[in-house]
Amino acid sequence: MRRLSVADPAPAAGFTLLEVLVALTILAIACAAAIQSVSQAALTLEALQDRTEANALLSERLAEWRASEDWPAPGQERRTFPENQREWFWSREVQLSPDPDIRQVVVQVGLDKDQEALVTRTAYFRRTAGD
């Protein structure tokens, strides 16, 4: 029978404390990078959803104005409106064109009227015979 002494320890199985700490550090850095990536993707998705909804609302506004019998007068107009449990704003700037029967209309839609609009579109309205 072999006798173990303090001077002759048995070989240890497993990892040293230093190896475990290095592995945990690498794992923590990888997890932080993954969380940051997922967070950025969520913010991008939210911004794209806002922009898509704003584009749809802008199209609705233009369709309403085109269906209206009113000939747009030159000038600017800004309004807010509730839609899908959020407060949106739109602005419309009607400009004269060289042709008196055509008006240029620049429309913007966004969530915060103090910040840049999410979408901007330029449309042209032609006066019909009844206008």
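Before moving on, here are some points about what is shown:
- Test: Val106 is under 25 Å from Ala47 (Cα atoms) and either of a type in the set (D, E, K, R) or modelled with pLDDT of 90 or more (or both): yes
- Contacts under 6 angstrom Cβ, first residue in segment 39-57 being assigned to a helix (DSSP H, G or I), partner surrounded by 10 or more Cβ atoms within 10 Å (Cβ to Cβ) and of a type in the set (A, V, I, L, M, F, W, C), 6 or more apart: Asp50/Leu118; Arg51/Leu118; Ala54/Val109; Ala54/Leu118; Ala54/Val119; Asn55/Val119; Leu57/Val109
- Selection status of Arg66, basic (Lys, Arg), surrounded by 10 or more Cβ atoms within 10 Å (Cβ to Cβ), within 21 Å of Arg121 (Cα to Cα) and at pLDDT 90 or above: no
- One residue stands out among those in segment 70-94 that are surrounded by 15 or more Cβ atoms within 10 Å (Cβ to Cβ) and farther than 12 Å from Ala54 by Cα: the one that is nearest to the chain's Cα centre (by Cα), which is Ser91.
- Residue count for segment 65-81, restricted to those that are out of contact with any Lys or Arg (no Cβ under 8 Å at 6 or more places or on another chain) and closer than 20 Å to Leu111 by Cβ: 2.
- Test: Thr25 is at pLDDT below 90 and either in a helix (DSSP H, G or I) or at negative phi (or both): no
The values are calculated or read from the model by the stated rules, or taken from the named source; none is laboratory data. Model, not experiment: these values are computed from the prediction. With ideal geometry, Cβ positions are generated from the backbone for all residues, glycine too; neighbour counts draw on all protein chains shown.
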